[in-house]
């Protein structure tokens, strides 16, 4: 199972990466040549982001926003690449730019909240994760990240409630079971903690995540001693 600080840094912004948005035609430059270049840079940037070539992705998204300074997805994805390089201040600037252009961009709130969490500013992280829930109440990510942030703040009861909401939306979210178990343990409910960790271990094993399975088994052994 991932450590809390690692999990909050990873899961919160995975959904930022995606294909070319359906509404792209409304935001691209007007000339045919510019549009071809724009789409090429964007596609290359997404591909490099998925491959872990974050510096290369940043270069491509630089070109995207130069060709169309109002294309908010370019800023958001560049912010994600900056985040993965540890350039948290640069990531925040890009997520802020995204939200200035599109105040209802759930992924930008998710990304900015994750950056704040990584910087240790959990109050701002919680505010941003709450925004993702308002915009996209069906996604488990906002509730899951909110649970992690509340856990780090010592708000264990609220964390359990957040993980419950995440699991209602995705019952196969192994990390949510694991972290809910840790919150239950912090509240003194060892029986529920063990049950959650066992479920997390089972799901990790089914999903082929051997490292997380082994880490969760180690935690179980500690709790059951």
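The values are calculated or read from the model by the stated rules, or taken from the named source; none is laboratory data. The structure displayed is predicted, hence computed values, not measured ones. Neighbour counts run over all protein chains shown; Cβ positions are idealised from the backbone, glycine included.
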Apart from one, (1) modelled with pLDDT of 95 or more; (2) under 19 Å from residue 132 (Cα atoms) all hold for residue 114; the odd one out is (1)
Out of the stretch 182-200, which residues are without any contact (Cβ under 8 Å) to a residue 24 or more places away in the chain and buried (at least 22 other Cβ atoms within 10 Å of the Cβ)?
196
Would you check if residue 112 is surrounded by 24 or more Cβ atoms within 10 Å (Cβ to Cβ) and in contact with a helix residue (DSSP H, G or I) (Cβ under 8 Å, 6 or more places away or on another chain)?
yes
Within the stretch 83-128, the count of residues that are over 15 Å from the mean Cα position of the chain (by Cα) and on the phi > 0 side of the Ramachandran plot comes to 1
Pairs with Cβ under 7 Å, 6+ apart, first in the stretch 47-71 and without any contact (Cβ under 8 Å) to a residue 40 or more places away in the chain and at negative phi, second assigned to a loop (DSSP other than H, G, I, E, B) and surrounded by fewer than 20 Cβ atoms within 10 Å (Cβ to Cβ):
49/17; 50/17; 54/85; 67/29
Output for the stretch 98-107, where each listed residue is modelled with pLDDT of 95 or more, touching a helix residue (DSSP H, G or I) at 6+ places or on another chain (Cβ under 6 Å) and assigned to a helix (DSSP H, G or I)
98, 99, 101
Residue set 225, 217; condition without any contact (Cβ under 8 Å) to a residue 40 or more places away in the chain, surrounded by fewer than 20 Cβ atoms within 10 Å (Cβ to Cβ) and in contact with a helix residue (DSSP H, G or I) (Cβ under 9 Å, 6 or more places away or on another chain); output residue 217
Looking for whichever is in contact with a helix residue (DSSP H, G or I) (Cβ under 6 Å, 6 or more places away or on another chain), in contact (Cβ under 8 Å) with a residue 12 or more places away in the chain and farther than 24 Å from residue 181 by Cα here; the options are 129, 95, 122, 163. Which one fits?
95
